[in-house]
Structures are given as structure tokens and as C-alpha cells.
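Structure record follows, encoded as C-alpha cells.
We did not get these values from a lab; they are worked out from the coordinates using the rules stated. Since the model is a prediction, treat every value here as computed from it, not as a measurement. Cβ: placed from backbone, ideal geometry, glycine included. Neighbour counts: every protein chain shown.
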Amino acid sequence: MENKDLLEKILECVEFGKVNKAAPFPPAMKGQDGADELTKLAIEQGIDPAEILNDALIRAMEKVGQKFSEKKIFVPQMLISAKAMNASMEHLKPYFQSGAVKRKGKFIIGTVSGDLHDIGKNLVAMIVEGAGYEVIDLGVDVNSQKFIQSIRDHREAIVGLSALLTTTMHSMKNIVADIKNEFPDIKLIIGGAPVNEDFKNEIGADNYSADPQAAVNYLNSLVA
Ligand code: B1M
């Protein structure tokens with residue numbers, strides 16, 4: 001299969017939630033290869049993992065988000081798309097993580113309390129790790145206490161907070177205040193679809209990164 005067609009196929013699998021060949025869902029794609037097999041094939045064909053991520057996976061999730069906003073699909077379909085995206089990501093992980101041998105520093109990351117979205121956070125974690133940092137991933141629904149405990153354990157770390165919901169921007173604001181109260185010198189990066197530079201200034205974080213590479217650039221600027 002041509003590279004372009006293969007990327008379109010992977011996009012389709014993620015958009016419609018075809019995880020792997022054995023998956024019975026969606027019925028129209030029964031028996032066909034899924035995100036799992038096709039991503040493996042794409043890598044074997046030599047397609048750049050960054051191209052798979054940007055041109056297939058992220059584009060697919062944009063379409064999913066758009067359809068969800070328009071009430072054309074609902075949470076279960078969104079969930080199955082996320083599962084398909086994760087199946088693809090399993091194949092891409094080693095490429096993003098293989099960046100460095102010597103660690104440049106430590107990075108604590110978590111999705112803030114009340115928020116269960118972890119695909120973007122996982123991507124940031126993976127790419128930061130690939131850029132040479134030790135990553136302490138606290139997972140999703142992380143509250144102030146958990147961030148603060150982790151900072152106590154890794155005093156030299158830089159901390160990243162992710163939020164995907166407008167409702168959890170409020171948690172992010174509180175967590176930033178709690179962390180800064182306890183550790184005024186700690187550097188905090190925020191990211192996620194609803195946040196921006198203005199919000200960063202409003203809540204007193206140190207950096208807003210729109211994507212994983214921006215987070216890496218900021219981290220590198222601190223350790224340089
Ligand atoms: Co949710 N969801 N979701 N969802 N979901 C969104 C975010 C939404 C925009 C969909 C929509 O309405 N169009 C909407 C939020 C609306 C709003 O608040 N304005 C929404 C909603 C409403 C909900 C629920 C409330 C739905 C419901 O139950 N009624 C519910 C909330 C659950 C909760 O968290 N408490 C919910 C649930 C879910 C699923 C569980 C089904 C699933 C998540 C699965 C998972 O993560 N394991 C899901 C998904 C998949 C989505 C969409 C479709 C995709 C999100 C995603 O993974 N994008 C999303 C629509 C969309 O964004 N297109 C949507 C791909 C990912 C690579 O991008 O996370 O933005 P993103 O990360 C980017 C950047 O933002 C940045 O780097 C990443 C790569 O470029 N980044 C950082 C992120 N974190 C960073 C941190 C950094 C730096 C950069 O430094 C620290």
C-alpha cells in the first residue's frame with residue numbers, strides 16, 4: 001500500500017474506532033486490519049513516526065472531537081477512538097522514547113483533578129522522555145497533594161500540568177496556587193486545548209506550551 005493510503009487507513013481506523021483485526025467494532029470494518037496492524041505496517045514501510053502521529057492520529061482525533069461537538073457521535077465512540085489511538089501509540093512509543101541516554105533533568109507531569117483525558121499528556125510525557133528527561137507520570141485526576149508529594153520526592157524537577165476541559169481549568173488554577181505556595185521557586189508548565197498564554201499569566205504558571213515540542217524547548221532553555 002502507498003504511504004499516503006496507509007496513513008489515510010490509519011486515520012480511518014482511529015476515527016471509527018477499529019482497534020485491531022480481531023475487534024468486532026465497527027461492524028462495517030469487521031475482519032479488516034485495525035490501527036494496531038496498520039501502524040506496525042507503516043513503521044515497517046519506513047514512514048516517519050512523527051508523520052504517523054501528525055497526519056493520521058492527531059487528525060483523526062480532531063475529526064472525532066468535531067463530530068462530538070456536533071453531537072454526531074457520543075462518549076462510547078470517542079472512547080473507542082481513544083483506544084484505537086493508544087493501540088497505534090504503542091508502536092510509536094519506542095521511537096519517541098529513544099532520544100537520549102543521559103538524562104537532562106526530571107519532569108513531573110499529570111492531568112489535573114477532575115480530568116481523565118490522558119492522550120495529550122501521554123504524548124508530552126513520551127516526547128519529553130525522548131528529549132532526554134526522566135519523566136515521573138502521575139497519571140490523571142491528580143490533585144495538589146499528589147503533585148506536592150512528588151515535588152518533595154524530586155525537588156529538582158520541573159512540573160507539567162495538563163487540562164482538557166474548561167471545567168478543569170479551575171482545578172489547574174488551584175493546583176498552581178497550592179504548588180507555588182509550597183514551592184515558590186518551582187517551574188510550572190501548563191498545556192492542553194482550553195488553556196493559553198493569557199491563562200498562564202492569570203494563574204501564575206511559568207510557561208504555556210501548545211504542544212510537546214514547545215514543552216521540550218522550554219525545558220531545554222531551563223537546563224541549558
Ligand atoms: Co473528552 N472532551 N470528554 N473524552 N475528548 C474533549 C476534550 C472535548 C473538546 C470534545 C468536544 O466537545 N468537542 C470536550 C471538552 C469541552 C470543553 O470542556 N470545552 C470533552 C468532553 C466534554 C468530555 C466529557 C465531559 C464528555 C462527557 O462525559 N459528557 C468527558 C469528561 C471526562 C473527564 O475527564 N472527567 C470526556 C471523556 C472523554 C473520553 C474518556 C471518552 C476520551 C478520553 C480518553 C483518554 O484520554 N484516555 C475523550 C476524548 C478522546 C476527547 C477528544 C475527542 C480527544 C482528546 C485528545 O486526546 N486529543 C477531545 C476533542 C479534541 O480535543 N479534539 C475531547 C488528542 C491529543 C493529542 O490532543 O489532548 O489537546 P490534546 O493534547 C495536545 C495539546 O493540547 C498539548 O499537546 C498535545 C499534543 O499536541 N498538550 C500539552 C496537552 N497537555 C499538555 C501539557 C503540556 C504541554 C502541552 O505541558 C505540561
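Given the rule -39500 (n - 2.57) for each run of at least 4 DSSP H residues, summed and divided by the residues of the chain, what is its mean residue ellipticity at 222 nm, to the nearest 500 deg cm²/dmol?
Per the formula, -16000 deg cm²/dmol.
For each of Ser144, Ser69, Ser209, Ser88, count neighbouring Cβ atoms within 10 Å of the residue's Cβ, then give the residues from fewest to most.
Going from sparsest to densest Cβ surroundings: Ser69, Ser144, Ser209, Ser88.
Just the number, please: percent antiparallel of the DSSP beta bridges in the chain, rounded to the nearest 5.
0
Between Ile136 and residues 5 or more places away or on another chain, which pairs have amide H atoms under 5 Å apart, with H built 1.01 Å from N, and which residues are they?
Excluding prolines and chain starts, which carry no amide H, the hits are Phe107, Ile108, Ile109.
Can you quote the Å³ per residue value for the convex hull of the Cα atoms in the stretch 106-223, rounded to an integer?
83
Please give the helix 169-182 orientation as an angle from the longest Cα principal axis of the chain, in degrees from 0 to 90, rounded to the nearest 10.
Orientation of helix 169-182: about 40 degrees from the principal axis.
Per residue and in cubic angstrom, what volume does the convex hull of the Cα atoms of the stretch 1-67 have?
73
Among 9-15, 188-194, how do they line up from the highest to the lowest mean number of other beta-carbon atoms within 10 Å?
In descending order of packing, they fall as 9-15, 188-194.
Of the options Met172, Ser69, Ala214, report the single residue whose Cα projects farthest towards the positive end of the charge dipole of the chain (beta-carbon charges: Lys, Arg +1; Asp, Glu -1).
Comparing the listed Cα positions along the dipole, Met172 ranks first.
So, R0 is 30 Å and r is the distance between the beta-carbons of Gln66 and Glu182; what FRET efficiency does that work out to, to 0.05?
Rounded to the nearest 0.05, the efficiency is 0.15.
Over the Cα atoms of the chain, compute the convex hull volume and normalise it per residue, giving Å³.
127
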